[in-house]
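One structure is given below, encoded as structure tokens.
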Amino acid sequence: DAGITQSPRYKITETGRQVTLMCHQTWSHSYMFWYRQDLGHGLRLIYYSAAADITDKGEVPDGYVVSRSKTENFPLTLESATRSQTSVYFCASSDGGGDGYTFGSGTRLTVV
Amino acid sequence: RKEVEQDPGPFNVPEGATVAFNCTYSNSASQSFFWYRQDCRKEPKLLMSVYSSGNEDGRFTAQLNRASQYISLLIRDSKLSDSATYLCVVTASGGSYIPTFGRGTSLIVHP
């Protein structure tokens, strides 16, 4: 299916565990982004990527790692999950043009 | 000053009303502007891009005022289904294409 997909949709993990959130897009968009959304904070940029093998930190990168070996995939890894990382995570992609940004349906992560 | 500011609301309006939201941005070099709609913690979805000359899509009209650094969204003849959070998005120039999102304005349309 064409589009941008995130997996899993829901995840419960324990403090200290490593967890990876997946993001896959089928448009070959150059730009991909990871956001977290918490009540009272809106969308906060964690990491972004302008192309394969090019990634950079956003507003709240601590505790997260990303990679982008292929244009279509942009996984986000929590190296050692903490309760403060309980959030809704959205992945987005864009071709850099006027069509804006398309979001995946999100991953709801709970760290217990 | 925050980069992109919106009145969080909520704006509580009856069906059929006209409602307007403003969004101010601080970076005068901002290049692209959008309005997004987000329903109840689902993913944000593009409502419309905002062009310098202003643009309209059905009941929705978006305007850009570069001199005063704000964009606006006007919704005419509000429907119950318009109830959502509306996010203002601004993208800086320079090729980075990193969007900055406002925190959103909540709209509640009641019967």
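Looking at this structure, is residue A:21 under 24 Å from residue B:89 (Cα atoms), in contact (Cβ under 8 Å) with a residue 12 or more places away in the chain, of a type in the set (A, V, I, L, M, F, W, C) and surrounded by 19 or more Cβ atoms within 10 Å (Cβ to Cβ)? Taking the combined requirement at face value, the residue does not satisfy it. The residues on offer are A:44, A:36, A:108, and the sole one that is surrounded by 14 or more Cβ atoms within 10 Å (Cβ to Cβ), touching a helix residue (DSSP H, G or I) at 6+ places or on another chain (Cβ under 9 Å), within 13 Å of chain B (Cβ to nearest Cβ) and under 30 Å from residue B:8 (Cα atoms) is A:36.
Anything in the range A:3-22 that is within 12 Å of chain B (Cβ to nearest Cβ) and part of a strand (DSSP E or B)? List them, or say none.
Once the filter is applied, which keeps residues that are within 12 Å of chain B (Cβ to nearest Cβ) and part of a strand (DSSP E or B), the range A:3-22 yields A:4, A:5, A:6.
Residues that are of a type in the set (Val, Ile, Thr), away from chain B (no Cβ under 13 Å) and without any contact (Cβ under 8 Å) to a residue 60 or more places away in the chain occur in the range A:68-75; there is at least one. Taking the conditions (1) assigned to a loop (DSSP other than H, G, I, E, B); (2) open to solvent by less than 20 Å² (accessible area, probe 1.4 Å) in turn, residue A:80 satisfies each one other than (2).
Condition check ((1) of a type in the set (A, V, I, L, M, F, W, C); (2) touching a strand residue (DSSP E or B) at 6+ places or on another chain (Cβ under 6 Å); (3) buried (at least 17 other Cβ atoms within 10 Å of the Cβ)) across all residues:
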position	(1), (2), (3)
B:69	no, yes, no
B:86	no, yes, yes
B:89	yes, yes, yes
B:92	yes, no, yes
B:101	yes, yes, yes
B:105	no, yes, yes
B:111	no, no, no
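The values are calculated or read from the model by the stated rules, or taken from the named source; none is laboratory data. None of the values given here were measured: they were computed from a predicted structure. Here Cβ is always computed from backbone atoms with ideal geometry, including for glycine, and neighbour counts include all displayed protein chains. When the accessible area is computed, the model is the full protein with side chains, heavy atoms only, and any ligands, DNA or RNA have been set aside. Shrake-Rupley method; radii C 1.70, N 1.55, O 1.52, S 1.80 Å.
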